[in-house]
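**Student:** Pasting a structure below so you can have a look.
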């Protein structure tokens with residue numbers, strides 16, 4: 001490798017991660033994730049008394065007994081949450097109320113940098129306590145909130161978007177989130193390719209088939225039960241996810257790729273009623289900005 005090429009590598013690396021980006025744009029993404037976090041806390045409200053109260057399936061005592069019996073005590077030491085200290089339903093609901101309030105404050109840009117970080121901590125704390133109930137929604141939401149907390153705080157307003165103020169931390173937050181959503185979506189691609197159900201054309205039907213707690217029961221529609229329909233949807237889902245990722249990371253097709261990915265996650269949310277997961281991932285997709293790397297390298301605020 002020539003000396004000039006060796007010097008260019010760190011230059012490209014710096015431009016990729018530290019090029020200033022729009023503060024208003026990242027505030028928009030953070031605001032959307034804050035709304036999703038509020039809905040997440042609200043969705044947990046009704047089940048608190050059943051799962052976490054004394055003698056509940058996930059009470060602190062039963063979780064501790066399960067971990068000891070399963071030999072998982074050592075790995076579980078990394079699963080930290082203040083909620084393990086209490087079995088009071090009132091404490092859990094107060095935690096949820098605090099999480100909703102933090103979501104609103106993060107949405108409005110009040111409280112400075114501390115509020116987005118506190119919101120992230122509250123989401124992680126609840127996800128760790130839920131533990132066996134946690135899904136990809138919690139993982140994606142916690143990763144997204146972590147990334148947006150890096151950027152300067154601010155509300156979602158037309159004025160902030162029009163001002164187009166830039167800062168290197170906003171660019172870094174955008175890059176971190178773009179990497180996160182790409183890795184998550186890439187892992188989803190690999191998982192789909194490893195599953196026989198996605199090759200035999202039954203993937204879409206398998207997503208919709210468990211009708212319990214589904215917002216829309218697609219299987220009751222005769223058109224959806226037609227093999228040509230659900231097999232076509234299945235193979236379209238396999239094809240469109242990697243295509244959307246590829247296009248989103250190309251400068252000239254970035255917006256097209258983002259639209260494809262948003263529609264893909266919307267389809268997954270509609271078929272399986274995974275609404276919070278779909279909304280979180282679709283929001284994170286908006287952070288993919290390949291053309292930022294072409295701008296001059298600078299870590300100072302503009």
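**Student:** Taking Rg and Dmax of the Cα atoms in Å as the quantity of interest, determine which of (i) 18.7, 58; (ii) 19.0, 54; (iii) 21.5, 68 was computed from the displayed structure.
**Tutor:** Of the listed options (i) 18.7, 58; (ii) 19.0, 54; (iii) 21.5, 68, (iii) comes from this structure.
**Student:** Mind ranking 264-275, 136-147, 234-245 by how tightly packed they are, going by the mean number of other C-beta atoms within 10 angstrom, highest first? Display every interim value, and only then the final one.
**Tutor:** Details: 264-275: 19.8, 136-147: 21.8, 234-245: 17.4.
By packing density, highest mean first, the sequence is 136-147, 264-275, 234-245.
**Student:** Something else: Please give the calculated 222 nm ellipticity per residue for the chain, where each DSSP H segment of at least 4 residues contributes -39500 (n - 2.57) and the sum is spread over every residue; nearest 500 deg cm²/dmol?
**Tutor:** -21500 deg cm²/dmol
Where a number appears in this text, it was derived from the coordinates with a stated rule and is not lab data. For clarity, every value in this text was computed on a predicted model and none was experimentally measured. FYI the Cβ positions are ideal-geometry reconstructions off the backbone, even for glycines, and counts take in every protein chain you see.
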